[in-house]
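Read the structure below first, then the notes.
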Amino acid sequence: MSLSRFIFLVPKLHYTNNFCAPFTCGTRVKPVLSSFSPRMDIICGKKTLAEELGIPAPPKRPPSPFFMYFIEERQNFSHITSTAEKMRKAGQNWHSLDESLKSKYYETYKLEIEDYKKKVKKYKSTLSQEQIKDIKKLKEKKKMENAAALTKQKLRKECEELGKPKHPGNAISLFMKEVENPSLGGNASEWS
């Protein structure tokens with residue numbers, strides 16, 4: 001008997017155009033090949049507020065003077081594989097950089113931030129009052145979701161620190177552990 005006959009018992013993700021939602025055990029799902037996309041950022045990716053509301057995207061903020069410097073000097077750090085190490089090294093170089101060279105980046109940043117502020121002002125003037133209210137509501141909703149997730153994360157961490165035991169698992173997971181573990185008398189080779 002092949003293991004593929006038992007696949008339907010394990011929770012899977014059912015892919016659709018815009019999101020992925022878990023479906024419950026015990027049912028078979030026909031693959032939706034026309035809407036399947038292998039890129040997870042398209043299926044389950046985060047959307048900006050503008051994308052969620054279906055309004056034009058706001059202008060992007062320009063990079064800080066340090067990041068402008070880092071982008072220009074990035075090829076000098078090609079021998080370093082770790083991004084954190086590259087940033088650390090770039091930060092050290094930035095701090096030792098002459099003020100006259102730094103001022104070039106600050107001047108560029110000032111010009112770009114002024115342009116950015118003009119674009120934001122123009123963008124906000126194109127939005128209706130209803131769209132502005134929707135953006136505020138969605139921001140508040142996301143803020144509440146993040147606070148709830150943070151609270152849940154703190155609770156989980158606290159439970160781990162106190163040594164709270166984990167849930168023993170459902171029947172199928174306990175059965176599969178027993179089948180796969182030879183010390184419990186299981187023989188997984190029977191299933192293939």
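The values are calculated or read from the model by the stated rules, or taken from the named source; none is laboratory data. Here the structure is a predicted model, which means the values were calculated and not measured. Cβ coordinates were reconstructed from backbone atoms using ideal geometry, including for glycine residues, and neighbour counts include every protein chain displayed.
The residues listed here are LEU155, LEU101, LEU111; of these, the one that is modelled with pLDDT of 90 or more, among the aliphatic types (A, V, I, L, M) and not assigned by TED's automatic domain parsing to the domain that holds PRO65 is LEU155.
So SER78 clears everything in (1) of a type in the set (Ser, Thr, Tyr); (2) loosely packed, with under 12 Cβ neighbours inside 10 Å; (3) within 20 Å of LYS47 (Cα to Cα) except one condition, right? Which one? Of (1) of a type in the set (Ser, Thr, Tyr); (2) loosely packed, with under 12 Cβ neighbours inside 10 Å; (3) within 20 Å of LYS47 (Cα to Cα), only one is false for SER78: (3). Taken over the stretch 93-123, residues that are exposed (fewer than 12 other Cβ atoms within 10 Å of the Cβ) and within 21 Å of LEU49 (Cα to Cα) amount to 3.
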